[in-house]
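The values are calculated or read from the model by the stated rules, or taken from the named source; none is laboratory data. The structure presented is a predicted model; accordingly, all values stated were derived computationally and were not measured. When we count neighbours, we look across all protein chains shown, and the Cβ atoms used for this are built from the backbone with ideal geometry, even at glycine. Ligands, DNA and RNA are stripped out before the accessible areas are found, and what is left, the full protein with its side chains, is counted by its heavy atoms. Shrake-Rupley method; radii C 1.70, N 1.55, O 1.52, S 1.80 Å.
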Amino acid sequence: GLLSGEEDTAESQGGNGSVEKSTITVAHLPSIDVAPLYIAKNEGYFEDEGLNVKIEQVASGQAATQKMIGGDADIVQSSYVPFLLAHKGSGADLKIISDAVSAAPDTFVLVAKKGGDVKSIDDLEGKKIAVSALKTISDTMVMSAMKTNGLDYRSVEFVQMSFPDIPSAVAKGQVDAGLVIEPFLTMGAEEYGVTPIADVATGPTKDFPLAGYGALADFVEKNPKTVAAFQRAMERATEDAQDRAVIEPVIQETAGIDATTASLVKLPNFHASLDASRLQRVPDLMVEFGLLDEKLDIAPMIVQPSAT
Amino acid sequence: MKPLVRNLVGLIAFLGLWELVVRLGLVQEEDVPPATVVLTRIVDLLGQEAFLRDIIATVLAWLIALGIAAAIGIPLGLVLGNFPRVRLATRAVVEFLRPIPSVALIPLVLVSIGGGPEAKITLAVYAALWPILYNTIYAFDEIDPLLIDTARSCGVPKAGILASVALPHAAPFVFTGIRISASVGLIVIVSTEFIAGSNVGIGSVILEAAYGAGRTDIVLAGTVVAGLIGYLANEGLEKLSGKLFKWHKATTAEVA
Amino acid sequence: MATMLEVSGLYHRYGGGENAHLAVNDLTFTVETGQLACIVGPSGCGKSTMLRCISGLIKPSGGEVSLHGDRVDGVPKDLAVVFQDYSRSLFPWLTVRQNVEFPLRWHGIGKDERRERAQEALEWVNLPNVANKYPWQLSGGMQQRVSIARALARRPALLLMDEPFASVDAQTRFELEDLLRKVQSAHGSTILLVTHDIDESVYLGDRVLVLSKSPATIVADLTVDLPAERDQITTRESAEFVSLRAEVARLLQSGAKTPAEVGGS
Amino acid sequence: MATMLEVSGLYHRYGGGENAHLAVNDLTFTVETGQLACIVGPSGCGKSTMLRCISGLIKPSGGEVSLHGDRVDGVPKDLAVVFQDYSRSLFPWLTVRQNVEFPLRWHGIGKDERRERAQEALEWVNLPNVANKYPWQLSGGMQQRVSIARALARRPALLLMDEPFASVDAQTRFELEDLLRKVQSAHGSTILLVTHDIDESVYLGDRVLVLSKSPATIVADLTVDLPAERDQITTRESAEFVSLRAEVARLLQSGAKTPAEVGGS
Amino acid sequence: MSENHGVAHDHRPGAGAPQDTAGGMAKTAGVARNFLLKWSLAIGLVVLWELATLAAESAFFPRPTEILAQAVDVWFSGPASHLFLADTVFDDVLPSLGRVFGSWAIAVVLGVALGTALGRSQTAMDYIGPLLSFMRAVPPPALIPVFLVLFGIDNTMKVVTIVFGSIWPIILNTVDGVRSVNPLQQETARAFRTPRRYWVTMVVLPAAMPKIFAGMRLSLSLALILMVISEMVGVTNGIGFQLIFAQQSYEFPTMWTWIVLLGVLGYGLNALLLAVERRVLSWQPTRGAADAKTTGV
Ligand SMILES: Nc1ncnc2c1ncn2[C@@H]1O[C@H](COP(=O)(O)OP(=O)(O)OP(=O)(O)O)[C@@H](O)[C@H]1O
Ligand SMILES: Nc1ncnc2c1ncn2[C@@H]1O[C@H](COP(=O)(O)OP(=O)(O)OP(=O)(O)O)[C@@H](O)[C@H]1O
Ligand SMILES: O=C([O-])O
Ligand SMILES: [Mg+2]
Ligand SMILES: [Mg+2]
């Protein structure tokens, strides 16, 4: 009701009865990455599959996954790193049911003050770098990029700060550099004049898988048709998302940014289909930088769409 | 000057200072939009039905939490105030639990209680309980022993003393506890919406605005609305306590 | 007459260790049912402490208090107390009427009767028109009378009064004294009354207990052989009265100088 | 003698509207420097209210109070007050000594002298050994004496006392009465003292002001023509004393029954 | 404890133990009884918790014994020269304690000063009262970006956040406290023309002190909470940082060790504050010796 904000309509038991559970809740954190999710909902792709999808915003991948473990969400969109950490650490058996985005060139970028001391990645040793959270893809990618460039990534001090705050902190010199994603990259350049110094998604982290959709193993087992339906709808939407003209109005709406910014932001690569060998890069990188203490085989976590 | 005029002068001075600091460029407009921009945004938002729903969801959760906190805190405070042994026996547990931050409990609540409104209500009850509990206990410590003796000599049973002497004596200070709890509770509700996400609520508006597009104006608008709600609640509670506790005003020397 | 109250070897010490203060030492006396016993003694000698022990509000350090032969352990039923510090003993959040009704609330007395009894008691103490005021809106003497009314409305079997007329004017005091004797004989209450007014102790009492300087012991226990019906003018003029009051004064003086004094102050 | 205090047309009403209560009505009198004026009047007639107006603690609704010809507006310098509700006027967080020293703190009096004066005042009131106790560890009468000591330690030019001896025993009362006269003549203080004890008003006072029932007006202003040196036994036996006290009693009675009465108590 | 008074308020452990029979044996027995009274509930709950978590087997709720083992690992793995304390004690715990103490001290001083001014001056209250009750309800997490901008990411921002979040109970309770001077005490002070300085320090503040203490204790635990919140941003050390970090890494036993540490700190700091309070408020009749609780009739 008023308290929960949910529609009080009776649980619609499957539009066409072709799925086990027709009403599902998807939790995600606000970002451009979820544009296809909204396309699927807005364009009626879910409906076509007999799904009634409720979307809930959460502040972090952790919170989203925890809500799912607690039973308040069926599917979550999350960065892979916290999702894999949750798989290892929460005791819950998690599955990946759809890919979401990977890093496109110039979407995962270190910025620094224009005209400041830090001009390239080579200047970062011993510096203070702001990232959105520690032990996530952010700091890991920075470390990886530095390693690739033969720099001592251990000398860096990472401080945690939410994306919107990073450009301002960089501009004020509170930190020497910061890792930002869109739209903060574009907005940061516009509002604070911070300037990109390095794309961290290059070399070994080129086109690096960033985020996907996951569910509990239990849910996947009990609702194979629901999962398949979700996968099909996301597949369609992701295809649409390759067209900028489709995406821009969506991100204007979901991220609340203006048309100009929307037209300027660089988009990540949207994916839906799951490629185990591509995704295996994530746990491997995590092992390399100590986020995981042993190798994790991602293949058993992946739920491929059934061939129906 | 009339009190109301003074109230306004104070508020306007604050808003003016805020506006000035931004307009003079002491802080960047992108970081902190000026007061006028935020106020305009508030007016915009208040015109949107969705935002009103957010407010209602937050306020409802808050009232429920406050009610539960009071329903637990006051009786518990009376018992702990009255029975020193119970107080001693529970102190270790109470003192241990009190400083545990709700942010640390969010994951635990999400996985064990769920992510709906019950999560934020639980956390808010947890945080709002302490001021009510503490002020009740302390009010008890200050009671004139002669009043208790009077009641005892009248043959009033223990429970009767709690209800008819301890409670009225403590009531004004308990009310102050409720006022503190009200703001703490609101803070926790909005913060939980903000940190853990929620379908509706002022905190989720702030969250969306912050993470989606870094819309500082909406973030601050939401924040100010939360503050305004807290302010209104405080005024209401103060008026009410003035009405309820006339005797207290008269028997304490208020004017300097 | 049956013995109502029996105090034997009563002894009370405040605090412990170095700061211990012996307030009452080895008091022994009995009071018959329906008797009005006045207690006089120097300031600080332990009168209030004694009343507190008898009322069960504090547990004496030693000795025993019995009512009708049963040892007092806790506050006895059918008791009313007028405290010396009357103003602090009124509940500031209750009106005068509610204060007077307060002790009646706990004894299954209906609302109407409560109200009636409260009004009656307020009239007794000559405060018929202040029922709806709060105690803090009254003068000192009026507050004291409210606390007397509260005790009388209760119609207690045992009434303990600690300097109950200290703050009222002479005229009112006379009226209240006569009222007290009247109420007592009507309800058959047993009354222990502490006073500093020697005349009052003799005029009011069936007995006068004279206490020594701190710690209180009993210096004398005088029976007042005045007629039950007393009159402010004639009684006070009687030879009996005059000699008794001189006797009390003398005893007080001697008690004040008894070598038995131990603690300081 | 110079006029110390001039009260003219003093009038005070508590509250407003329907619940307004007229406590003091049109009081006019003067007190000379060094005089000790006793005030008697029925309970609730407005004596405490009058003292509060004179001390500048409340602003009267009408009329004027002047000290040495200057209109009182705020609390005058060199004033000390002994409140009727003495127990509440002591600070419970201060020891007895600290309470007595309290008013001496801001008058450039050194620590040692403060201590000395406090000790002296405590000895005056016969409480030499309780300096380190807290007020709530004392009996009622002892608390009252501490508040008297506090006022005397201040050596005020104007001393207002509201039933200061109500809670002490007869013997102590006599001693305190004599002390008060002694201290007054030593320091030349002007004293206004409210009492319910008619004998006391005559024994103590250079003047006795008799007030009517509420709202207070002046019924009589008697000069006490007893010798300055007084003695508890001989003075009280003197014909002058006996006739004066009868006069005061008569005036009080008549005042209580004056048709001027308005508000009811 | 004081059977002789229906309402006893004794805070002192051991108060009311029979003093005259206090031989060595009785004393020991008394201490033991007291210890049991103080800790049996806590110990019982920990045992229950152990059993419950044993049954639940949730990664989010590790067993207390696991937490303890983890705690030993986290804190006591240091070299003997550091009293076996691990680096984290110096790198995280001490800085956090510094932030909490410093900020709380500021909150106390500022809160009492502001509360006194507001409580005693209706004019001051009229001007800034509404503003304060507005600010009181503003959620600190939402303000952190603003504080970041205004005060940077260093300690200042954290101190401001902690002070901002924990000052309110002190202000409100002080306002209440300084208003509750009994009118006769107020008149007494006025009659002696007590100068403002003495009036505030000798009358107003002592009268308000019990309520101020209630506020200080509430504020202390809020300060700990806000330390955690403030350390979520822009730091690389601290209890809050480690707690959130462990939480993000799904290292729940570690997260719980930090939670437990906060609880222990809260308990310890409160015990300290209580000891101070007992001294400062020893004048309260209700805190005196058990049988001195009743004032003269
Ligand atoms: N709470 C207390 N703690 C310590 N000592 C106390 C306490 N109450 C009373 N006393 C001491 O006990 C003694 C007796 O006190 P009590 O009040 O019984 O005297 P009292 O006879 O009633 O005197 P008064 O006529 O002045 O009222 C006094 O010396 C007093 O100081
Ligand atoms: N704060 C107040 N509010 C309303 N009425 C009051 C207040 N204080 C006193 N009064 C009323 O004013 C009248 C005079 O009170 P006051 O205390 O001056 O009497 P008093 O002569 O000192 O009496 P007593 O001898 O009983 O002390 C009383 O009728 C009382 O009810
Ligand atoms: O728990 C709180 O965030 O107050
Ligand atoms: Mg007494
Ligand atoms: Mg009076």
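Residue under question is E:Arg197, and the condition is that it be more than 11 Å from chain B (Cβ to nearest Cβ) and part of a loop (DSSP other than H, G, I, E, B); does it hold?
no
Within the stretch C:108-132, track down each residue that is at the interface with another protein chain (Cβ under 10 Å from one of its Cβ atoms) and free of Cβ contacts under 8 Å to residues at least 24 places away in the same chain.
Those that are at the interface with another protein chain (Cβ under 10 Å from one of its Cβ atoms) and free of Cβ contacts under 8 Å to residues at least 24 places away in the same chain: C:Pro128, C:Asn129.
Anything in the stretch D:154-177 that is more than 22 Å from C:Ser254 (Cα to Cα) and away from ligand 2 (no atom under 16 Å from the Cβ)? List them, or say none.
D:Arg154, D:Arg155, D:Pro156, D:Ala157, D:Leu158, D:Leu159
Test each condition in (1) more than 11 Å from chain D (Cβ to nearest Cβ); (2) out of contact with any Leu (no Cβ under 9 Å at 6 or more places or on another chain); (3) within 16 Å of ligand 4 (Cβ to nearest atom) for C:His196 and report the one that comes out false.
With respect to (1) more than 11 Å from chain D (Cβ to nearest Cβ); (2) out of contact with any Leu (no Cβ under 9 Å at 6 or more places or on another chain); (3) within 16 Å of ligand 4 (Cβ to nearest atom), C:His196 is out only on (1).
For the stretch A:53-81, name all the residues that are of a type outside the set (Gly, Ala, Ser) and open to solvent by 10 Å² or more (accessible area, probe 1.4 Å).
Hits for the stretch A:53-81 are A:Lys54, A:Ile55, A:Glu56, A:Gln57, A:Gln62, A:Ile69, A:Asp72, A:Asp74.
Here are C:Leu22, C:Leu27, C:Leu51: which of them is surrounded by fewer than 20 Cβ atoms within 10 Å (Cβ to Cβ), among the aliphatic types (A, V, I, L, M) and within 12 Å of ligand 1 (Cβ to nearest atom)?
C:Leu22
Go through the stretch D:214-226 and report how many residues are under 19 Å from D:Ser8 (Cα atoms) and not in a strand (DSSP E or B).
3
Specify which of the listed residues (A:Lys295, A:Lys266) is charged (D, E, K, R), farther than 13 Å from A:Gly212 by Cβ and in contact (Cβ under 8 Å) with a residue 24 or more places away in the chain.
Residue meeting the stated conditions: A:Lys266.
Condition test on B:Leu123, is it under 25 Å from the mean Cα position of the chain (by Cα), within 14 Å of chain A (Cβ to nearest Cβ), open to solvent by less than 10 Å² (accessible area, probe 1.4 Å) and over 15 Å from C:Trp106 (Cα atoms)?
Yes; evaluated as a whole, the condition is true for this residue.
Name every residue in the stretch C:232-253 that is touching a strand residue (DSSP E or B) at 6+ places or on another chain (Cβ under 9 Å), open to solvent by less than 40 Å² (accessible area, probe 1.4 Å) and either within 14 Å of chain D (Cβ to nearest Cβ) or part of a loop (DSSP other than H, G, I, E, B) (or both), in order of residue number.
Matches in the stretch C:232-253: C:Val248, C:Leu251, C:Leu252.
Any idea how many residues of the stretch D:101-147 are out of contact with any strand residue (DSSP E or B) (no Cβ under 6 Å at 6 or more places or on another chain), among the polar types (S, T, N, Q) and part of a helix (DSSP H, G or I)?
Result for the stretch D:101-147: 4.
Can you tell me which residue within the stretch B:37-52, out of those that are surrounded by fewer than 16 Cβ atoms within 10 Å (Cβ to Cβ) and among the charged types (D, E, K, R), is farthest from B:Val174 (Cα to Cα)?
Among them, the one singled out is B:Asp44.
Filter the stretch E:37-53 for residues that are among the charged types (D, E, K, R) and farther than 9 Å from B:Ala89 by Cβ and give the result.
Correct list: E:Glu50 only.
Would you please list the contacts, defined by Cβ atoms under 6 Å and residues six or more apart or on different chains, that run from a residue in the stretch C:133-147 that is within 7 Å of chain D (Cβ to nearest Cβ) and within 13 Å of ligand 5 (Cβ to nearest atom) to a residue that is open to solvent by 10 Å² or more (accessible area, probe 1.4 Å) and among the hydrophobic types (A, V, I, L, M, F, W, C)?
none
For the condition over 13 Å from C:Pro42 (Cβ atoms), charged (D, E, K, R) and either in a loop (DSSP other than H, G, I, E, B) or open to solvent by 10 Å² or more (accessible area, probe 1.4 Å) (or both), what is the one hit in C:Glu229, C:Glu200?
Going through C:Glu229, C:Glu200 in turn, just one is over 13 Å from C:Pro42 (Cβ atoms), charged (D, E, K, R) and either in a loop (DSSP other than H, G, I, E, B) or open to solvent by 10 Å² or more (accessible area, probe 1.4 Å) (or both): C:Glu229.
Anything in the stretch D:123-139 that is open to solvent by 10 Å² or more (accessible area, probe 1.4 Å) and either out of contact with any Phe, Trp or Tyr (no Cβ under 8 Å at 6 or more places or on another chain) or within 16 Å of ligand 2 (Cβ to nearest atom) (or both)? List them, or say none.
Of everything in the stretch D:123-139, those that are open to solvent by 10 Å² or more (accessible area, probe 1.4 Å) and either out of contact with any Phe, Trp or Tyr (no Cβ under 8 Å at 6 or more places or on another chain) or within 16 Å of ligand 2 (Cβ to nearest atom) (or both) turn out to be D:Glu123, D:Trp124, D:Asn126, D:Pro128, D:Asn129, D:Asn132, D:Lys133, D:Trp136, D:Ser139.
If you take the residues of the stretch D:77-94 that are open to solvent by 20 Å² or more (accessible area, probe 1.4 Å) and away from ligand 2 (no atom under 16 Å from the Cβ), which of them is nearest to D:Val168 (Cα to Cα)?
Here the residue is D:Pro92.
For the stretch A:150-244, please list each of the strands (runs of 3 or more DSSP E) lying entirely inside it that holds at least 2 residues being under 30 Å from B:Gly25 (Cβ atoms).
By residue number, A:157-160, A:177-180, A:194-199.
Scan the helices (runs of 4 or more DSSP H) fully inside the stretch A:1-93 and keep the ones with 2 or more residues being touching a Pro at 6+ places or on another chain (Cβ under 8 Å), at pLDDT 90 or above and hydrophobic (A, V, I, L, M, F, W, C).
Of the helices (runs of 4 or more DSSP H) lying wholly inside the stretch A:1-93, none has at least 2 residues that are touching a Pro at 6+ places or on another chain (Cβ under 8 Å), at pLDDT 90 or above and hydrophobic (A, V, I, L, M, F, W, C).
Checking C:Leu176 against (1) away from chain D (no Cβ under 14 Å); (2) of a type outside the set (Gly, Ala, Ser); (3) part of a helix (DSSP H, G or I): exactly one of these is not met. Which one?
Failed condition: (1).
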